[in-house]
Every structure is written in structure tokens, then in C-alpha cells.
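The values are calculated or read from the model by the stated rules, or taken from the named source; none is laboratory data. A quick note: this is a predicted structure, and the numbers were derived from the prediction, not measured. Counting neighbours? That spans all protein chains shown, and the Cβs are built from the backbone with ideal geometry, glycine included.
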């Protein structure tokens with residue numbers, strides 16, 4: 001059997017879990033830690049492939065749930081897969097579709113799961129509220145909906161037309177197989193951050209059974225005659241919510257399975273996300289990559305890397321940019337602020353992105369105040385460039401044995417109270 | 001005095017008014033006939049400067065009315081003018097702001113002009129309805145409003161906040177002077193296509209007096225200490241509506257004035273636009289360029305060139321593209337049509353635009369159906385490339401003494417009933 005995926009650690013942060021490495025895929029090597037730009041519907045809002053190439057992300061994440069509805073996995077398969085469809089020829093990952101099925105699926109029938117009765121919103125949505133992180137779902141501005149969870153999978157209604165659908169671990173694998181990304185995720189249950197211990201325990205047990213079914217189906221699909229033979233890697237997802245013992249239990253169970261890497265999903269308390277990530281990564285096998293799902297705030301990126309995270313993804317940089325929020329080395333600014341009307345300097349001095357090389361704050365202020373699309377595009381280009389390169393610079397600081405100094409300098413400037 | 005503008009005719013269509021030439025400006029030579037891409041607010045919706053450069057229009061048109069409100073001509077002057085503000089370093093033209101003041105300005109006061117009582121919508125709006133052409137105003141989806149026309153100018157209300165404003169010929173020149181385009185337009189009155197002969201006559205007389213005031217003010221401004229000394233050319237505008245004798249009268253009056261070129265504005269009947277353009281261009285001096293305002297439909301471009309037009313502008317290619325309408329050599333298609341869901345060919349075979357070189361109909365169909373911004377951007381890029389290059393190819397056919405064959409072949413395919 002050809003081995004298409006290989007994770008190599010180049011350097012560790014002395015005495016910590018963090019490491020710099022690389023993960024080889026059929027569409028190129030990913031230098032880790034790496035930030036995956038999110039293109040929910042196989043497009044980063046408004047950006048052409050050349051603009052994305054100039055940002056130079058190591059990997060691109062697309063959402064299975066949305067692509068299942070439109071244009072549908074069959075059309076993407078006919079196009080030759082997501083790479084040919086979107087023209088992004090670097091590595092691509094797809095999520096399992098589960099999170100959106102839970103959070104966007106409207107309730108139906110009598111037998112509503114506990115998750116639907118919970119009053120607090122869904123896992124990552126709540127997480128985002130506290131952490132400033134973000135996820136594709138939040139972007140749609142849709143709060144929690146009801147979905148029916150059974151041993152078989154998740155029954156839900158389309159967010160578009162209310163039609164009934166069923167996602168099972170097998171179905172998720174079949175869709176992702178057809179979408180044709182390099183890295184896929186196992187089907188898991190996202191619980192509410194306020195879920196009781198009992199429910200959370202029940203949910204991770206189910207998630208573990210679904211992980212087994214996901215892996216079995218994945219292996220079967222990778223051997224199909226029309227497959228490209230093991231050119232897709234499956235990552236298992238660790239859950240457990242805010243409960244340390246459940247996180248550990250989940251990491252042990254998932255970590256022992258034959259996945260090519262791991263996702264850390266679900267919800268955390270703001271104040272001990274670092275601890276939760278650390279206890280999980282202490283258990284997960286060192287020789288496989290780990291993805292902290294849906295996190296992209298600068299301080300959380302440092303926290304994640306320090307505690308052994310290799311991949312991140314988040315829609316916050318693009319969504320925030322479209323609403324005027326701009327990352328700069330001196331913290332976040334709102335480009336729509338009137339004080340930038342006559343500021344003819346770039347968004348961030350010394351930034352090498354297309355927006356900063358070509359345009360002024362005054363012009364982008366004008367575009368955003370006038371709701372001109374180019375204003376959101378330039379802000380998106382800048383913010384993605386900022387975050388992608390921040391993670392690349394964090395990686396370099398590990399190689400240079402300089403991580404903690406870089407962290408202190410960067411965060412000191414970024415979060416400095418003026 | 002330095003002569004910054006020079007029109008040179010390279011070749012004429014034998015026995016017709018049409019010609020291929022060039023118009024030199026401080027920001028480069030414009031090969032004519034040329035299609036000006038419209039960036040109402042100093043941006044072509046969603047396109048970066050590099051994307052515009054790849055389309056390679058000869059000239060760019062921005063709207064004075066919109067820029068007067070936001071960000072304001074003072075800020076653009078401080079930025080160094082429209083070229084520095086927008087980063088478009090080729091030739092730029094601005095309109096006078098009059099058309100939008102009439103059509104977007106809400107009525108106030110007692111003394112409402114005849115134009116406001118007219119029941120038929122404003123000149124170019126109505127023209128667009130019949131001819132498939134377009135204008136920046138129509139793009140905003142706002143139908144006619146009332147404005148008060150006096151000898152002094154036009155009093156109107158802001159389309160944004162209802163505040164009162166006054167445009168006079170002098171004010172229009174002062175704003176355009178500060179915006180800093182290469183080609184400016186005199187302040188004129190756009191009448192309704194259904195205006196009575198009496199009103200139309202009254203209006204062109206006023207337009208002629210305003211033309212004198214515009215030219216005087218322009219000359220004064222070009223001599224100012226802080227000006228770049230005659231680096232802006234002023235075009236006068238011929239009006240006259242549907243009345244041939246008034247068109248002729250206006251062409252005679254305006255044509256004798258010391259303008260660097262001419263605009264043909266206002267309304268026509270669909271069936272005799274060609275005749276109206278011809279009678280005007282027979283009178284206007286041959287050695288100066290002529291701009292047919294707000295026209296961009298393929299058949300009208302051929303008609304205009306044949307009858308001596310050197311410049312066109314129109315927002316239709318971008319607006320139509322954002323709604324799914326795509327120019328192809330075989331006519332217009334709607335890319336949102338379900339039949340393109342699995343069509344993995346480019347929008348138009350053999351087209352050299354960025355969208356056609358990189359993307360399939362299926363992908364753009366997906367983006368547009370999902371209301372993803374990139375779908376509109378790719379369609380805009382394609383349509384602008386199509387129209388800009390159509391006019392370039394028309395120019396080449398004149399140089400090759402091949403105009404009528406090219407016209408017949410092109411229009412035969414484009415308007416062929418399938």
C-alpha cells in the first residue's frame with residue numbers, strides 16, 4: 001500500500017508539547033503549525049484563486065454540509081473533485097458536516113434529543129461568543145436549531161428549504177469521499193458547552209462508536225475501484241466538552257485508532273481551553289498531527305501551538321474583515337472609523353499583503369462605508385494574510401528556538417492597551 | 001501653453017463617419033473607439049486594480065455625483081486625485097454630476113420644473129428600458145425623483161440623507177477639478193424622452209448657457225496656481241432629445257465651442273438612435289472625439305462606431321453579470337440556468353479573460369446560485385473583457401478595412417435566434 005500521508009516533526013519547543021513539522025499530502029506538503037483558510041462553499045468570499053495563492057495558505061478547508069446541498073457531491077465528483085472544481089491545487093480538508101447538521105438543522109418529529117432542549121446554544125457557537133473565535137455556522141447568523149440524534153446518525157432539516165435529511169458516519173464518509181479533499185474528518189457529535197456531565201458522557205460514547213464506523217467506511221471507500229487508492233487521510237475527533245476526565249477518555253479512545261491525525265472539537269471554558277488542549281495532546285500519539293477546530297484569535301493560536309496543535313481553521317479573519325475589523329501588529333482596528341477617512345497609509349505598515357501594497361486606509365474606509373464589495377475583499381485578503389503568516393512566523397520561531405520571546409513580543413504589542 | 005490632449009484619426013470607414021484614432025492624455029493614449037469601464041464610486045464592483053489592468057480598458061469613468069457625497073472631492077484631492085486614490089493610473093473621465101442630481105435628487109420647494117411633472121422617467125433611464133443600455137443611476141434601482149431646475153443650476157436632495165444641495169456649472173467644474181480626472185464633462189440638463197418640444201427647446205438653450213459657464217470656469221481653474229496646468233480636458237454635451245432639429249441646433253452650438261471633445265447625452269427613440277447620432281456627428285468637428293453616453297449593447301456599439309462615435313461607457317456589463325447575464329460570442333446566456341450545473345467548459349470558448357482561463361460554467365453557476373460574491377466578480381470580469389475587447393476588435397476592423405464584414409459576422413452570431 002502506498003503511503004500518501006506522512007507527518008514529520010522537525011523541532012519541538014523544549015519542555016512543551018509544541019512542535020514544528022510537516023504533513024505530506026498528495027497535493028503537497030503542509031508546513032505545520034498551519035492555519036487553514038475557510039472556503040465554506042468552495043470559495044473564500046470574493047477571492048480568486050490567484051489572490052488566495054498570494055496569501056499562500058498551507059491548506060484550505062471546505063464545509064461538507066454546504067457542499068452536500070449545493071452543488072452536491074455528485075457534481076463536484078464529476079468536476080474531478082474539489083481541487084478541480086475550485087482550482088485550488090494545494091491541500092484541502094473537509095469537515096464531517098455534523099456540526100452544521102446539528103446547529104443548522106431544524107427539529108422535526110417527537111423524539112427530540114437532549115441537545116435540543118439545552119438552553120445555551122451549540123458548542124462552538126457559545127465558544128465563539130466567549131473566545132472571539134468563529135465558525136462557518138456563526139457566519140450565517142443562525143442560532144441553534146433542533147435536530148434529532150439517534151444511534152444511526154443525525155436527522156435534520158435543510159437550512160435552505162426545510163427538506164429532511166439524514167447524516168450517518170457512513171454517509172458523511174461517502175460525501176467526503178466524493179468531494180475528494182486530502183484530509184477528511186470523522187463524523188462526531190458536537191454538544192452544547194452547558195451539556196450535563198451525563199449527557200456529555202453519553203455523547204462521547206456515541207462519538208466513539210461513530211468514529212469506528214467512520215473509519216471502517218473510509219477504509220472501504222479508499223479501496224474502491226474508482227478511488228485514487230488511499231489518497232485521502234481521515235482524522236478522528238476528540239470530544240468531551242468542559243470535562244477533563246471525558247476529554248482524556250476521548251483522547252485515549254480516539255488516539256488509539258488508526259487515524260492519520262486528529263481534530264479537537266467541541267466546547268471549552270474560556271479560561272481553561274489551554275488546559276483542555278494540553279491534556280488531550282498529552283495523550284494523543286505524538287507522531288500524528290492535531291487540528292484545533294474553529295479557533296483563530298491570535299492569543300489562541302499561540303496557546304494552541306504551545307500545547308501541541310498543528311492545524312487551525314477559522315472564518316473570523318474574513319468575516320471580521322467584511323465588517324471592518326482589521327488585524328494589525330498593534331491590535332485590531334475598525335477601518336470604518338471616521339479617523340481613517342484621510343489616512344493615506346496602508347492598513348498595517350510593513351505588511352506585505354496585496355491590500356497593503358496597493359491601497360490606503362482612506363480608500364478602504366471609503367469602500368467599506370459605501371458598502372462596496374472591494375472593501376470587504378481587501379480586508380479579507382489582509383486579515384487572512386495576517387493570520388496565515390502569524391502562524392508561519394510562530395512556526396519559524398520554533399525552528400529558531402525563539403517561541404516564547406516571539407510570543408511575548410507579539411502579544412504584548414497586539415493586546416497592548418493604548 | 002502645453003498641449004496635453006491631442007486627437008489623431010488613423011483611418012476612416014470609407015464613406016461613413018466612423019474612424020479609428022487615438023486621444024492622448026496626461027495618463028496615456030486612448031486608442032479609439034474605446035469602451036470606458038464604469039467605476040461609479042471609484043471602484044468597479046469587487047475588482048482590484050490588477051484585475052482591471054488584465055481587462056485592459058482604455059479608460060475608466062467615475063461619477064462626480066457619488067464621489068461628491070462620499071468620500072467628497074476634498075479627500076480625493078488630498079489623496080492626490082482619483083488616480084492615486086483608486087490606483088488606476090490610466091486615463092480617467094468624470095461625468096458632470098447633473099444626470100444623477102436630476103434623477104436621484106428628491107424634490108423640494110414649490111417651484112417644480114416641468115421635468116419633474118413629466119410622467120415618463122428620465123432620459124437615459126427610459127432609453128435603457130428600450131435599448132438595453134444602462135447607466136449608473138439605473139444600477140441603484142432608483143426611479144426618477146424631483147429636482148428644481150433654475151437658471152443658476154439644479155437644487156436637489158441627497159439620495160443618502162435628504163440634505164439639500166446645489167449643483168451649478170461652476171460647482172460641477174470645481175468638483176471635477178478636485179477629483180482630478182483627465183477628461184471632464186460640462187454641466188448639462190438631461191430631459192425626459194417624453195418632454196415636449198417646447199420644454200426640450202428651453203432645456204437645450206439652458207444647457208448651452210451652462211456650457212459657456214462650464215467652459216469659462218474650467219479655463220479659470222486650469223490656470224490656478226495649484227493646478228497641473230491644462231492637464232484636464234473638458235467635453236461639451238449635445239442634447240436635444242428626440243427632435244432632429246434641436247439635436248442639430250445643439251451640435252452646431254456646442255460644436256463651435258472650445259471643447260476638447262463632445263458627449264452626446266440624453267434620450268433617443270430606439271428606432272432612430274442611429275440617425276440622431278449621425279446627424280449630430282455630421283455637424284460636430286471631425287478633429288475632436290465624441291462620447292455616446294451610457295450605451296453598451298453590442299449592436300449599439302457597432303451603430304455608434306459606424307456613425308462616428310469614439311467613446312462609450314455603460315454599467316450594463318457589470319450589473320448584468322452580477323445577475324447572471326453573460327455575453328458570449330453566440331449571444332447572451334444566463335449562467336444561473338440549471339443546465340450549466342454540470343457544464344465544465346468556460347463561459348465562452350476561446351475567451352481570454354481571467355474567468356474563462358481559470359473557471360468553469362459549473363463553478364460560476366454554483367457561486368451565483370449560492371449568491372457568493374466571487375460569482376458576480378467573475379461574471380463582471382468576463383463581461384467587461386468581452387465589451388472592452390469587442391470595441392478594440394471593431395477598431396482593428398476599421399484599420400483592416402474590414403468593418404462591415406466584422407459587424408455582419410459578429411452580430412449574425414450574437415443575435416442569432418437558436
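In segment A:252-275, how many are in contact with a helix residue (DSSP H, G or I) (Cβ under 8 Å, 6 or more places away or on another chain) and under 19 Å from residue A:98 (Cα atoms)?
The number of residues fulfilling the criteria is 8.
Which residue, of A:14, A:84, is surrounded by fewer than 19 Cβ atoms within 10 Å (Cβ to Cβ) and facing chain B (nearest Cβ under 9 Å)?
A:84
Give me a count of the residues in segment A:1-25 that are more than 20 Å from the chain's Cα centre (by Cα), over 19 Å from residue A:391 (Cα atoms) and modelled with pLDDT of 95 or more.
Selection size over segment A:1-25: 2.
Give the residue that is nearest to the chain's Cα centre (by Cα), with candidates limited to residues of segment A:144-173 that are touching a residue at least 24 places away in the same chain (Cβ under 8 Å), in a helix (DSSP H, G or I) and more than 12 Å from residue A:232 (Cα to Cα).
A:172
Hey, does segment A:333-349 have a residue that's within 12 Å of chain B (Cβ to nearest Cβ), over 24 Å from residue B:77 (Cα atoms) and either in contact (Cβ under 8 Å) with a residue 60 or more places away in the chain or not in a loop (DSSP other than H, G, I, E, B) (or both)?
No - not one qualifying residue is present in segment A:333-349.
Taking the options A:321, A:412, name whichever one is farther than 17 Å from residue B:70 by Cβ, within 14 Å of chain B (Cβ to nearest Cβ) and not in a loop (DSSP other than H, G, I, E, B).
That would be A:321, the only listed residue that is farther than 17 Å from residue B:70 by Cβ, within 14 Å of chain B (Cβ to nearest Cβ) and not in a loop (DSSP other than H, G, I, E, B).
Anything in segment A:330-345 that is surrounded by fewer than 23 Cβ atoms within 10 Å (Cβ to Cβ) and under 29 Å from the mean Cα position of the chain (by Cα)? List them, or say none.
A:330, A:331, A:332, A:333, A:334, A:336
Restricting to segment B:270-297, name every residue that is within 19 Å of residue B:61 (Cα to Cα) and not in a loop (DSSP other than H, G, I, E, B).
Across segment B:270-297, the qualifying residues are B:290, B:291, B:292.
Of the numbered conditions (1) in contact with a helix residue (DSSP H, G or I) (Cβ under 9 Å, 6 or more places away or on another chain); (2) free of Cβ contacts under 8 Å to residues at least 24 places away in the same chain, residue B:176 fails exactly one; give the number of that condition.
(2)
Can you tell me which of (1) in contact with a strand residue (DSSP E or B) (Cβ under 6 Å, 6 or more places away or on another chain); (2) within 12 Å of chain A (Cβ to nearest Cβ) is the one residue B:386 doesn't meet?
Single failed check for residue B:386: (2).
Which residue out of A:265, A:304 is in contact with a strand residue (DSSP E or B) (Cβ under 6 Å, 6 or more places away or on another chain) and over 17 Å from residue A:252 (Cα atoms)?
Answer to the check: A:304.
Anything in segment B:44-80 that is crowded, with 21+ Cβ neighbours inside 10 Å and in a loop (DSSP other than H, G, I, E, B)? List them, or say none.
Residues satisfying the conditions are B:44, B:45, B:46, B:47, B:48, B:57, B:58, B:63, B:71.
Applying the selection to segment B:13-34, what residues are outside any strand (DSSP E or B) and in contact (Cβ under 8 Å) with a residue 40 or more places away in the chain?
Of everything in segment B:13-34, those that are outside any strand (DSSP E or B) and in contact (Cβ under 8 Å) with a residue 40 or more places away in the chain turn out to be B:13, B:14, B:16, B:17, B:18, B:26, B:27, B:33.
When you look at residue B:298, is it within 26 Å of residue B:393 (Cβ to Cβ) and either outside the structural domain of residue B:231 (by TED's automatic domain parsing) or touching a helix residue (DSSP H, G or I) at 6+ places or on another chain (Cβ under 6 Å) (or both), yes or no?
When the stated conditions are applied, residue B:298 passes them.
Can you tell me how many residues in segment B:212-243 are at pLDDT 95 or above and assigned to a helix (DSSP H, G or I)?
10
Does residue B:371 satisfy being within 14 Å of chain A (Cβ to nearest Cβ), on the phi > 0 side of the Ramachandran plot and over 27 Å from the mean Cα position of the chain (by Cα)?
Criteria met by residue B:371.
On the given criteria, is residue B:148 modelled with pLDDT under 95 and touching a strand residue (DSSP E or B) at 6+ places or on another chain (Cβ under 6 Å)?
yes
Please enumerate the residues belonging to segment B:352-366 that are more than 11 Å from chain A (Cβ to nearest Cβ) and surrounded by fewer than 19 Cβ atoms within 10 Å (Cβ to Cβ).
Matches in segment B:352-366: B:352 only.
From the list B:64, B:48, pick out the single residue that is at pLDDT 95 or above and away from chain A (no Cβ under 14 Å).
B:64
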